[in-house]
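Student: What follows is a structure written as structure tokens; I'll ask about it next.
Values in this text are rule-based calculations from the coordinates and carry no lab data. Keep in mind the model is a prediction, meaning the values are calculated, not measured. Positions of Cβ are backbone-derived with ideal geometry, glycine not excepted, and every protein chain shown enters the neighbour counts.
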Ligand code: ADP
Ligand code: MG
């Protein structure tokens with residue numbers, strides 16, 4: 001075991017070998033075992049050489065080996081047979097654009113991509129599927145891709161995507177109303193696949209973590225799929241219950257990394273083309289060098305498209321936009337942050353994953369209303385705008401602006417972690433000094 005471990009990088013070992021065991025060793029066969037079929041395929045494709053070498057080093061002989069997958073047997077009947085359905089049932093909103101086809105794969109994220117595809121094809125086999133990595137690197141995209149794939153290919157399965165914030169809020173409401181039994185029924189008994197995004201916000205929330213722990217167990221016991229995302233590894237979730245951390249480590253854990261420059265280049269190029277703007281390599285390079293994640297690349301390209309609708313792309317304009325979006329050009333005048341509407345809407349668009357034009361339009365979806373409300377609050381509190389100016393930016397009357405500001409202020413006050421995080425991200429993008437505006 002130790003000899004094998006020394007041949008494999010720590011990262012890979014932690015990720016793929018946590019269930020690895022030496023089952024038996026005889027003169028003519030060595031038997032290893034791993035947690036499931038997918039892990040077996042993955043490691044046998046990539047580490048055959050290391051297995052052969054290790055056996056030779058340890059035993060001095062060339063003994064053939066075999067890897068068994070344990071835990072889930074294909075033939076084992078599911079305890080809950082999926083309900084019979086004809087059409088896909090939409091239990092939550094999915095982003096239709098976030099598909100496996102629109103996801104650019106490279107060495108930095110292929111484990112995440114491979115894992116997500118495997119989950120979409122064989123839900124329930126690998127539990128939990130835990131995807132982690134920094135902001136803007138495609139976690140939410142992959143979760144939605146799983147949902148879109150399942151809706152397309154297994155329309156009889158019930159899939160739900162929710163943010164951890166929604167899980168928490170729904171649970172709190174249920175507790176208040178004495179309807180926790182219904183809450184559990186809805187989540188545990190009606191779903192084949194449950195996906196919960198950004199679970200890091202549940203740090204230090206003991207009660208919610210307990211509910212998550214039991215939910216996890218329920219899905220695992222019933223071989224229904226549970227998928228979770230976080231911006232860090234389970235062990236880095238410092239204020240998580242140890243029992244929950246160890247449950248999270250028990251399935252398939254996969255990291256999405258930041259792309260290398262070349263891949264960023266390809267991603268930028270693909271986005272530009274998709275937006276009908278075949279940009280030259282020099283412009284693409286400029287965009288890529290100013291971006292530290294994929295979300296920023298998308299933000300810059302959205303903005304270029306927003307500014308150049310129907311017009312030819314003006315090159316000098318591109319440099320200006322890149323500087324604006326990456327925040328370099330925002331002036332700081334006598335300690336006041338002067339931020340123009342376009343710059344601000346673009347920053348909002350990046351963080352809330354909508355387009356600036358959508359924020360500007362009248363369309364009301366929950367996501368857009370939330371974006372606008374936080375935008376109004378931010379403009380009031382950190383950009384020193386008057387209610388009238390904000391009303392003009394967002395096309396709302398005075399009382400709606402006041403209402404939005406109050407509402408967001410209240411959710412910050414009661415400790416809504418997601419809103420706080422979004423505000424901090426806005427401050428970062430707009431380069432607003434935090435000591436002046438700590439929330
Ligand atoms: P995260 O949830 O990790 O913060 P998102 O999934 O929200 O990141 O990704 C941010 C934006 O970047 C989204 O618009 C998403 O479509 C895009 N994106 C991220 N990674 C990729 C990728 N590999 N290929 C295509 N688009 C990507
Ligand atoms: Mg996300």
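Student: Divide by every residue of the chain the summed helix terms, -39500 (n - 2.57) for each DSSP H run of at least 4, and state the resulting mean residue ellipticity at 222 nm, rounded to the nearest 500 deg cm²/dmol. Kindly include the intermediate steps, with their values, before the conclusion.
Tutor: Values: 20 runs with 227 residues, N = 439.
Helices in the chain give a 222 nm mean residue ellipticity of -16000 deg cm²/dmol.
Student: With r as the distance between the Cβ atoms of residue 381 and residue 277 and R0 = 45 Å, compute the FRET efficiency 1/(1 + (r/R0)^6) and round to 0.05.
Tutor: Details: r = 35 Å, r/R0 = 0.78.
Calculated value: 0.80.
Student: Rounded to the nearest 0.05, what FRET efficiency do residue 1 and residue 239 give with R0 = 25 Å and r taken as the Cβ-Cβ distance? Could you check? Write down the numbers at each step before the final one.
Tutor: Numbers: r = 33 Å, r/R0 = 1.31.
Computed FRET efficiency for residue 1 and residue 239: 0.15.
Student: Output the peptides 418-424, 142-148, 363-369 sorted from most to least packed, where packing is the average of other Cβ atoms within 10 Å over each peptide's residues.
Tutor: 142-148, 418-424, 363-369
Student: Turning to a different aspect of this structure: Report the gain in length on full extension from residue 320 to residue 68: 0.36 nm times residue separation, minus Cα-Cα distance, nm rounded to one decimal.
Tutor: Details: separation 252, 0.36 × 252 = 90.72 nm, distance 5.77 nm.
Length gained, residue 320 through residue 68: 85.0 nm.
Student: May I ask you to compute the full-extension gain from residue 221 to residue 369, defined as 0.36 nm times their residue separation minus their alpha-carbon distance, rounded to one decimal in nm?
Tutor: 49.4 nm
Student: Going 7 Å from the Cα of residue 424 along its beta-carbon direction, which residues of the range 201-218 have the amide nitrogen within less than 17 Å of the resulting point?
Tutor: Hits in the range 201-218 for residue 424 at 17 Å: 201-205.
Student: Next question. Considering only DSSP beta bridges where both residues belong to the chain, give the percentage that are antiparallel (nearest 5). If you can, show how the numbers build up before the last one.
Tutor: On the way: 6 of 29 bridges.
Around 20 percent of the beta bridges assigned by DSSP in the chain are antiparallel ones.
Student: Here's something else I'd like to know. Given a cut-off of under 8 Å on Cα pairs at least six residues apart, what relative contact order in percent is computed for the chain?
Tutor: Numbers: 602 pairs, mean separation 54.4, N = 439.
Once divided by the residue count of the chain, the mean separation gives 12 percent.
Student: Taking the chain on its own, what percent of its Cα-Cα pair distances exceed 38 Å? Please report the intermediate quantities before stating the final value.
Tutor: Values: 30193 of 96141 pairs.
Of all Cα-Cα distances in the chain, 31 percent exceed 38 Å.
Student: Another question, if that's okay. Distance in nm between label sites at residue 25 and residue 154, each 7 Å beyond Cα in the beta-carbon direction?
Tutor: For residue 25 paired with residue 154, the spin-label model returns 3.9 nm.
Student: What ranking do 232-242, 17-27, 295-305 get when scored by the average of other Cβ atoms within 10 Å per residue, highest first? Walk me through the intermediate numbers first.
Tutor: Working: 232-242: 15.2, 17-27: 13.5, 295-305: 23.3.
The peptides rank, most packed first, as 295-305, 232-242, 17-27.
Student: I'm checking a number: the convex hull volume of the Cα atoms of the range 110-255, normalised per residue, in Å³. What is it? If you can, show how the numbers build up before the last one.
Tutor: Values: hull volume 14.0 nm³, N = 146.
Cα convex hull per residue, to the nearest whole number: 96 Å³.
Student: Residue separation times 0.36 nm, minus the C-alpha to C-alpha distance between residue 270 and residue 258: what's the value?
Tutor: Working: separation 12, 0.36 × 12 = 4.32 nm, distance 1.71 nm.
Length difference between fully extended and current span is 2.6 nm.
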